[in-house]
Amino acid sequence: MFRSTTRICDHTFLPGLLSTDAIVVDLGAFDGDFAHAIIDRFHCRVISAEPVKQLLDRIVPDPLLEILPVAVGGKNQQVSVNLFDSRNASVLGAIHPDEDAGLQTVEMITLTELCRRAGTKDIDLLKIDIEGAEIELIDSCSDQELKSCTQVAVEFHDFLYPDLRPAVERIRERMSDISFWVLPFSLDSSDVLFLNKESSVSAAEVAYLRTVVRYGRGIARRLRRIAS
């Protein structure tokens, strides 16, 4: 029997690889929906990072939730975050000249520093949704650091910033080279799962996920459009 997938806040992962002992790291917590959905289902520890104060104030506390008021990226530094009126905040700039944005200065730390502050090394699920900063973040991680993760669920933002597409492809190739299965669950790169080959998932299960699950979702989306 092949494993099922779960999709929470547009991020797909394998729930069968999580337990109450799991460590989930949530980069780009927004208002905490992903973190609380994980806690409600798996009753495990979640470490969330969210730099925007207006969003931090909306996250409901929980004993299993540790919230760090930081951005996570390629360096330990102070950075300016663009607070856009029409989309999520980003350290990257506007996508067209008349896009309005305010600025907020926040602390950025690397994944290494986040794990040090949280007192953890191995990560069962790393969710990355950081509005374009994912490229520098992943590039800054050593192979060993990435391989300490069982699952890495990433929303790449080359659909907003087309110049990122070569870097996204380079990261996909790198993750494959260091023994991750690359599982795209969207037509673009907005829902990509990197699955460590040292997990208990077989090559046959991966083939099932890449075909039946991925294309089954596509068919379901088309049917919903037709019905509407």
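The values are calculated or read from the model by the stated rules, or taken from the named source; none is laboratory data. All values derive from a computational prediction rather than experimental measurement. Please note: Cβ atoms are built from the backbone with ideal geometry, for glycine as well, and neighbour counts cover all protein chains shown.
So which residues in the range 60-81 are of a type outside the set (A, V, I, L, M, F, W, C) and either within 22 Å of residue 111 (Cβ to Cβ) or in contact (Cβ under 8 Å) with a residue 60 or more places away in the chain (or both)?
Passing the criteria: 66, 69, 73, 74, 75, 76, 77, 78, 80.
Against the conditions (1) closer than 21 Å to residue 163 by Cα; (2) touching a Pro at 6+ places or on another chain (Cβ under 6 Å), where does residue 130 fall short? Just the number, please.
(2)
Name the helices (runs of 4 or more DSSP H) wholly within the range 147-228 that hold at least 1 residues that are surrounded by fewer than 13 Cβ atoms within 10 Å (Cβ to Cβ), within 19 Å of the chain's Cα centre (by Cα) and modelled with pLDDT of 95 or more?
Helices (runs of 4 or more DSSP H) meeting the threshold: 165-177.
Restricting the range 81-124 to residues that are in a loop (DSSP other than H, G, I, E, B) and small (Gly, Ala, Ser), which is farthest from residue 145 (Cα to Cα)?
So, considering only residues that are in a loop (DSSP other than H, G, I, E, B) and small (Gly, Ala, Ser), the one farthest from residue 145 (Cα to Cα) is 86.
Out of (1) surrounded by 17 or more Cβ atoms within 10 Å (Cβ to Cβ); (2) assigned to a loop (DSSP other than H, G, I, E, B), the odd one out for residue 60 is which?
Looking at each condition in turn, residue 60 falls short on (1).
For the range 86-125, which positions are surrounded by 11 or more Cβ atoms within 10 Å (Cβ to Cβ) and of a type in the set (Val, Ile, Thr)?
Matches in the range 86-125: 91, 95, 106, 109, 110, 112, 120, 123.
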